[in-house]
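Heads up: the structure comes next, in structure tokens.
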Amino acid sequence: MGVRWERVKSKGSFVSIFQASIASVQDLDAFIDAASWSRELVKDMGCTDTSIMQVAVGGDQVGLIGISFHWGTMDAALAGSAALMANDQIRQMMGDCGVTLHRRSLMRILGERGERSGTYLSCVYTSGTPSADGMDVGWDLMKDGCNGLMGAAGVITGMSSWTGAIFSWTDSVDSLMACSAKAWADPQMAEIQAQSDTKPVGRIIGRILA
């Protein structure tokens, strides 16, 4: 069963934050086992959803672990992350599993279609000005190859060449890539991308572990 999301209203505006943390993990089996109890602990800190994936293909990121968190606001993301890193159980688990955090980024969710479910997660990094204008067109072109589609704008990413990201959940990389090629070649999508100067600058694909 996948997860559908409604955007969270805060102080008169709709906000939803996707946090991506990239880490290396020495004892991956133990780390995944710990997700059974740590997931509920993280939710108690205000996170509405969390998942773990391992990069399968994607240049020098292969083998790294991506941990995602869905928060209502940036304040909630920062407070939740601080509480997480200060928690004795989490700190003990990270030490026992040999977890080293390399990067943490916050993104604003621009739009989402379908469900966050599947065997694989694809992330296409983009340049330009991220926009939700092409979500409906993109979903119509992509839905035969993926279960869910999400567009996000980088808010706090450190030094990086990308400004946005397109996430796709799928059970078949072949089907995803076929639909992705169709979407990038579509004239209507090309016009929307030209308006925001959106260009792909890289892609990683990971296997969802928890």
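For the Cα atoms of the chain, what angle does the longest principal axis make with the long axis of helix 74-86, in degrees from 0 to 90, nearest 10?
Roughly 30 degrees, rounded to the nearest 10.
Can you compute the label reach from residue 182? Point 7 Å from Cα along the Cβ direction, backbone N cut-off under 20 Å, restricted to segment 126-161.
134-151
Note the angle between two axes, namely the Cα long axis of helix 28-44 and the longest principal axis of the Cα atoms of the chain, as a number of degrees from 0 to 90, rounded to the nearest 10.
Relative to the chain, helix 28-44 is tipped by roughly 90 degrees.
Relative to the longest principal axis of the C-alpha atoms of the chain, give the angle of the C-alpha long axis of helix 88-97, reported between 0 and 90° and rounded to the nearest 10°.
Value to nearest ten degrees: 80.
Taking Rh as the Kirkwood radius, which is the inverse of the mean 1/r over Cα pairs, what is the Rg/Rh value for segment 111-210?
Using Cα coordinates only, the ratio equals 0.94.
Using only Cα atoms, what Kirkwood radius does the chain have, in angstroms?
Numbers: mean 1/r = 0.0567 Å⁻¹.
After inverting the mean inverse Cα-Cα distance, the result is 17.6 Å.
Can you tell me the order of 27-35, 165-173 when each peptide is scored by its average per-residue count of other Cβ atoms within 10 angstrom, highest first?
165-173, 27-35
Report the label-to-label distance for residue 132 and residue 144 in nanometres (one decimal), using points 7 Å from each Cα along the Cα→Cβ vector.
Going from the residue 132 label point to the residue 144 one covers 2.8 nm.
Every read-out reported here was derived from the displayed coordinates using simple, explicitly stated rules and does not represent laboratory data. It should be emphasised that the depicted structure is a prediction, and the values quoted were computed from it without experimental measurement. For neighbour counting, all protein chains shown are included, and Cβ atoms are generated from backbone atoms with ideal geometry for every residue, glycine included.
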